[in-house]
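Reviewing the structure listed below.
The values are calculated or read from the model by the stated rules, or taken from the named source; none is laboratory data. The shown structure was predicted, so the numbers you read here are calculated from the model rather than taken from an experiment. Methodologically, a virtual Cβ is constructed for each residue, glycine included, from the backbone with ideal geometry; neighbour enumeration extends over all protein chains shown.
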Amino acid sequence: MWLCGIVVLLYGMDGLPGGGVGELAAQEGPPRISGRVVDRDTGAGVEGAEIALVPLREEEADSVRAERVTDGVGLFQFERAAPGVYALTVTHIAYGAFQERLTVTAGERLALRVTLSPAAIVLDPVVVEAASRDQRSARALGTARRRVTAEQLAPIASTGNHLANALAQLVPGVRVRSGRSQPGELVCLEFRGVTSFAQPGCLTPIVIVDNVRQSNGLVTLNTIPLTVIQSIEAVPPGEAGVRYGADSNAGVIIIETRSGGPLPGRSQDTPAGLYNWALESRPYPWTRALAAAGAANALGLLAGYALSNRCLNFESLARHFYEAECGFLVNAGSRLALYGAPQAGVGFVVARVGGTDLSQGSMWRNAVASAILSAPGVVLALTTDEDGFSGSRGLGIVMATVGAPAAAVLADRLFRRVRSR
């Protein structure tokens, strides 16, 4: 076998050697860090080299360990990397492993060329250990158990990190695929190598806490305190399918707490900003949500017109606001039925239709987004040539019947909260 000596050369994005990487550098909006791994003797790209980017400074200890694998021509890239000092590790079964210090400054984009050369590998000494009862039981199953104890979790718990990041550090074959990996924020935890064309999002393992299967495993992995955990067993997808059935094809995480009692459920708000749909197992149902919103909006406007027609004038804008025929309270109720009630119904329907097992939109945010277009749309639809402008009536009809439900659906897609466990 052979070990590799590695030379890492840093270039600006304007002049990178190596044909494939130069093309990456020329792209519009290139990745933060990109590069190519090549063989020193042949110059050919090295496929299957594992590239790891690990923060070194203490203030960056909570950052995610990022990993990539080179493609058929040796290319790799890291889309996001915060400014700081990192350890860049290159590992390949035919070349060995090597680590290099890498500094990333604010606003800088780096291109790397990693050259591998062969050298002799020094083998570790053989150590013989006696198997415990748990190890013998796992061996009888034909697979290795990945078990983490409270003692192993204690150093990570003292840093304030959450379980998802702890498992990525302690359990082989588990990774944090998305998210910022900060306490209280949702990140995607997966077993490496799990893929699904039917579910392109986060393939979260089934989570079982004290023999109780959790309805939202992703939330549990991000919120359960490390201090209450006695032990964790990570069951990989191949073994999980035999032990837990076909729906466990993404693996299983078994958690045993110190008390053995049920965990209190609590609502987990989405981190500040737009909702991260990479955590979902299925995409947002645009077609179904738009159809439901359009139908609810049309029915609401018709019902509002029917309820307010006796009191409000719809012949012109001036008469609509100044020639109401009922008392003050009845007129106010008629306007609420026309302008507000339909949008509340749209917000409710869209939140129900667009909901997933993990998250749900806000009825009131959806309703406000819809009302922003519906209310002025109704006003414009009542204008005439005297009090409006050319095309104002048509514009108002489009805003009230098409724009309003579309706005509600967009708000439901962007602004969501995570369901409680």
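Filtered by the rule that a residue be under 28 Å from Val418 (Cβ atoms) and not aliphatic (A, V, I, L, M), the stretch 279-309 gives Glu280, Ser281, Arg282, Pro283, Tyr284, Pro285, Trp286, Thr287, Arg288, Gly294, Asn297.
Quick check: anything in the stretch 345-360 at negative phi, under 43 Å from the mean Cα position of the chain (by Cα), hydrophobic (A, V, I, L, M, F, W, C) and not in a helix (DSSP H, G or I)? Spell out how you get there, then give the answer.
Quick first cut of the stretch 345-360, residues at negative phi only: 345-360.
Retained after the next criterion (residues that are under 43 Å from the mean Cα position of the chain (by Cα)): 345-360.
From what is left, the residues that are hydrophobic (A, V, I, L, M, F, W, C) are 346, 348-351, 353, 358.
Filter once more, so that each one left must be not in a helix (DSSP H, G or I): 358.
Looking through the stretch 345-360, at least one residue is at negative phi, under 43 Å from the mean Cα position of the chain (by Cα), hydrophobic (A, V, I, L, M, F, W, C) and not in a helix (DSSP H, G or I).
Checking the stated criteria, Ala400 turns out to be in contact (Cβ under 8 Å) with a residue 60 or more places away in the chain, assigned to a helix (DSSP H, G or I) and in contact with a Gly (Cβ under 6 Å, 6 or more places away or on another chain). Residue check: Gln152 meets all listed conditions (1) at pLDDT 75 or above; (2) assigned by TED's automatic domain parsing to the domain that holds Val252; (3) surrounded by 14 or more Cβ atoms within 10 Å (Cβ to Cβ); (4) under 26 Å from the mean Cα position of the chain (by Cα) but one, namely (4).
Just to be sure, is Ala367 out of contact with any Pro (no Cβ under 6 Å at 6 or more places or on another chain), assigned to a helix (DSSP H, G or I), hydrophobic (A, V, I, L, M, F, W, C) and not assigned by TED's automatic domain parsing to the domain that holds Val219? I'd like the intermediate steps shown before the answer.
Values: out of contact with any Pro (no Cβ under 6 Å at 6 or more places or on another chain): yes; assigned to a helix (DSSP H, G or I): yes; hydrophobic (A, V, I, L, M, F, W, C): yes; not assigned by TED's automatic domain parsing to the domain that holds Val219: yes.
Here the answer is yes, as Ala367 does meet what is asked.
For the stretch 155-167, the count of residues that are assigned to a helix (DSSP H, G or I), surrounded by fewer than 16 Cβ atoms within 10 Å (Cβ to Cβ) and modelled with pLDDT of 75 or more is nonzero.
Conditions (1) touching a strand residue (DSSP E or B) at 6+ places or on another chain (Cβ under 9 Å); (2) modelled with pLDDT under 80; (3) among the hydroxyl-bearing types (Ser, Thr, Tyr), marked per residue:
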site: Leu110; (1), (2), (3): yes, no, no
site: Ala119; (1), (2), (3): yes, yes, no
site: Val126; (1), (2), (3): no, yes, no
site: Ala138; (1), (2), (3): yes, yes, no
site: Arg145; (1), (2), (3): yes, yes, no
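Taking residues in the stretch 81-104 that are among the aromatic types (Phe, Trp, Tyr), and partners anywhere that are assigned to a strand (DSSP E or B), the pairs with Cβ atoms closer than 6 Å and at least 6 places apart or on different chains are Tyr86/Leu53; Tyr86/Pro55; Tyr86/Leu102; Tyr95/Cys4; Tyr95/Leu116; Phe98/Ile6; Phe98/Val90. Screening Leu24 on (1) at pLDDT below 85; (2) surrounded by fewer than 19 Cβ atoms within 10 Å (Cβ to Cβ) shows it passes everything except condition (2). One residue is enough: does the stretch 28-43 have a residue meeting the conditions modelled with pLDDT under 80, in a loop (DSSP other than H, G, I, E, B) and more than 24 Å from the chain's Cα centre (by Cα)? Within the stretch 28-43, one or more residues are modelled with pLDDT under 80, in a loop (DSSP other than H, G, I, E, B) and more than 24 Å from the chain's Cα centre (by Cα). Residue pairs whose Cβ atoms lie under 9 Å apart, sitting 6 or more positions apart in sequence or on different chains, and linking a residue in the stretch 233-257 that is not assigned by TED's automatic domain parsing to the domain that holds Ser215 and of a type in the set (Lys, Arg) to a partner that is modelled with pLDDT under 85 and not in a strand (DSSP E or B), do not occur here. Here the stretch 328-387 is the region considered, the condition is being of a type in the set (Phe, Trp, Tyr) and modelled with pLDDT of 85 or more, and the residue that is surrounded by the fewest Cβ atoms within 10 Å (Cβ to Cβ) is Trp364.
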